[in-house]
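Participant: Just dropping this structure here.
Any read-out appearing in this document is the output of simple, stated calculations on the displayed coordinates, not a laboratory observation. Note that the coordinates shown come from a computational prediction; the quantities given were computed from them, not determined experimentally. Here Cβ is always computed from backbone atoms with ideal geometry, including for glycine, and neighbour counts include all displayed protein chains.
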Amino acid sequence: MKNMITGKTKNLGVMGWPIGHSLSPVLQNVALRAARLDYVYVALPVPPEGLSSAVAGLRAASFSGWNVTIPHKEAIIPYLDEVEEAARAIGAVNTVVNREGKLLGCNTDAAGFLEALLAKGFDPAGKRVILLGAGGAARAALWALMKRGARSILVAVRNEKKGRDFVASFRPYDSAQILTAQAWEGEGFSAALAEAELVVNTTPLGMSPKIEEMPPVDFDRLSSKAFVYDIVYRPGETSFLREARHRGHETLNGEDMLVLQGAAAFSLWTGVKPDTELMKKELRSALLQAK
């Protein structure tokens, strides 16, 4: 039975443009009901030109907080009062917390990425990692891997200059100099596959509807012990993960990351740890219905 919305109900939401595809309302509302919290979580369609007024309006309306998705994760930063270190390093905010009128920008993508990996039984601390891609998701993954203490991280991309620029932006945090960049076609990337202990795909290759695509990883060169992580969750098993599984690799898709980054935001807003197993169940049900 759904909670009744009253004048005392606190408001949460997810801001983006477009926003109709977001599964966050499904995940957050089921968790709020299970925790018996008097909150409601809604979709907030905000076009780019309306971002400033939307932030001001949500502050004025005393929203407890909200998630931020494409295309606002970077653009929202100047409108916030404070931005935590992880969000500043990543360059993106995906969660805003309203603390008595002061807006704090956070990034829970990194925490969700790492917690999903740890829950699967793989700890990247001290491991050699290959990170495919240099977009926003890659920044969150890279931050999580650096903070956890990966031994080395090779950023592999189509365009080597983009990879070098990406790595350079993290140099202030790379005191151990563990970061390097290579083009996918380079011999350095191919050679690194033999020593990789974790390969992470943060590119959209293989995402629905182009499910036949996959990153150019030569599985004949890849270490047989490498763990393969693809943050895509539509479809549940990409061509990349399917090939990895057939080759005997342990694999993980992006479903748990999505749930756990949402759970981290939930805790920031409410001070309560949500039922993540219920959230995972609801997510899978929603994904099946969306097919």
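Participant: Output the pairs from Lys120/Lys280; Lys10/Lys102; Lys225/Lys280; Lys73/Lys102; Lys10/Lys73 with a Cα-Cα distance over 20 Å in this structure; if there are none, say none. Walk me through the intermediate numbers first.
Facilitator: Values: Lys120/Lys280 14 Å; Lys10/Lys102 16 Å; Lys225/Lys280 28 Å; Lys73/Lys102 18 Å; Lys10/Lys73 23 Å.
Result: Lys225/Lys280; Lys10/Lys73 exceed 20 Å.
Participant: Same structure, new question: Express as a percent, rounded to the nearest 5, the fraction of DSSP beta bridges in the chain (both residues included) that run antiparallel.
Facilitator: 20
Participant: If packing is taken as the average count of other Cβ atoms within 10 Å, what order do 254-267, 194-207, 47-60, 13-26 fall into, highest mean first? Write out the running numbers ahead of the final one.
Facilitator: Details: 254-267: 23.9, 194-207: 21.2, 47-60: 14.3, 13-26: 18.3.
Most protected by this proxy first, the peptides run 254-267, 194-207, 13-26, 47-60.
Participant: Another one. Explain nothing, just compute: Karplus ³J(HN,Hα) = 6.51 cos²θ - 1.76 cosθ + 1.60, θ = phi - 60°, for every residue of the stretch 231-241 in order, whole Hz, x for Gly and Pro.
Facilitator: Ordered by residue, 3J(HN,Hα) equals 7, 5, 10, 10, x, x, 10, 6, 4, 4, 5 Hz.
Participant: Here is a follow-up. Relative to the longest principal axis of the C-alpha atoms of the chain, give the angle of the C-alpha long axis of helix 255-270, reported between 0 and 90° and rounded to the nearest 10°.
Facilitator: Taking Cα atoms only, the helix is inclined about 40 degrees.
Participant: Against the longest alpha carbon principal axis of the chain, how many degrees, from 0 to 90 and to the nearest 10, is the axis of helix 109-119 turned?
Facilitator: Computed tilt is about 60 degrees.
Participant: What is the ratio of the Cα radius of gyration of the stretch 123-249 to 2.2 N^0.38 Å, with N the residue count, to two decimals?
Facilitator: 0.98
Participant: Give the peptides 4-11, 143-150 in descending order of average Cβ contacts within 10 Å, highest first.
Facilitator: Ranked from most to least packed, the peptides come out as 143-150, 4-11.
Participant: Okay, moving on. Can you tell me the order of 168-176, 68-76, 278-286 when each peptide is scored by its average per-residue count of other Cβ atoms within 10 angstrom, highest first?
Facilitator: Highest mean packing first, the order is 68-76, 278-286, 168-176.
Participant: Using amide H atoms built in the peptide plane, which far-off residues or other-chain residues are under 5 Å from Val83 H to H?
Facilitator: Gly105
Participant: Follow-up question, since we're still on this one. Could you tell me the largest-minus-smallest coordinate of the C-alpha atoms of the chain on each of the three principal axes, in descending order and whole angstroms?
Facilitator: 62, 39, 32
Participant: If you don't mind, there's one more thing I want to ask. Would you kindly derive the ³J(HN,Hα) couplings of the stretch 243-253 from the backbone phi angles with the Karplus curve 6.51 cos²θ - 1.76 cosθ + 1.60 (θ = phi - 60°), listing them in order in whole Hz, with x for Gly and Pro?
Facilitator: For the stretch 243-253, the Karplus-derived couplings read 5, 4, 5, 5, 8, x, 7, 6, 9, 8, 9 Hz, x marking Gly and Pro.
Participant: Would you work out which of Pro45, Ala56, Val30 lies farthest towards the positive end of the dipole of the stretch 9-106, given +1 charges on the beta-carbon of Lys and Arg and -1 on that of Asp and Glu, about the Cα centre?
Facilitator: Positive-end residue among those listed: Val30.
Participant: Using θ = phi - 60° and the Karplus curve 6.51 cos²θ - 1.76 cosθ + 1.60, what whole-Hz ³J(HN,Hα) does each residue of the stretch 83-99 get, with Gly and Pro shown as x?
Facilitator: 10, 5, 4, 4, 5, 5, 5, 6, x, 8, 10, 10, 9, 10, 10, 8, 10
Participant: Something else: Return the long-range amide H neighbours of Phe227 (sequence gap of 5 or more, or a different chain), with a cut-off of under 5 Å between placed amide H atoms.
Facilitator: Leu198, Val199
Participant: Give the long-range amide H neighbours of Ala150: residues separated by 5 or more places, or on another chain, with amide H under 5 Å away, using H modelled in the peptide plane at 1.01 Å from N.
Facilitator: Amide H neighbours of Ala150: Gly126.
Participant: Let me ask something else. Add -39500 (n - 2.57) for each DSSP H run of 4 or more in the chain, then divide by its residues: what number comes out at 222 nm, to the nearest 500 deg cm²/dmol? Present the calculation step by step, with values, prior to reporting the outcome.
Facilitator: On the way: 10 runs with 106 residues, N = 291.
Result for the chain, helices only: -11000 deg cm²/dmol.
Participant: For Lys281, list the aspartates and glutamates whose Cα falls under 17 Å from its own Cα; do not include residues on the same chain fewer than 8 positions away.
Facilitator: List returned: Glu237, Glu255, Asp256.
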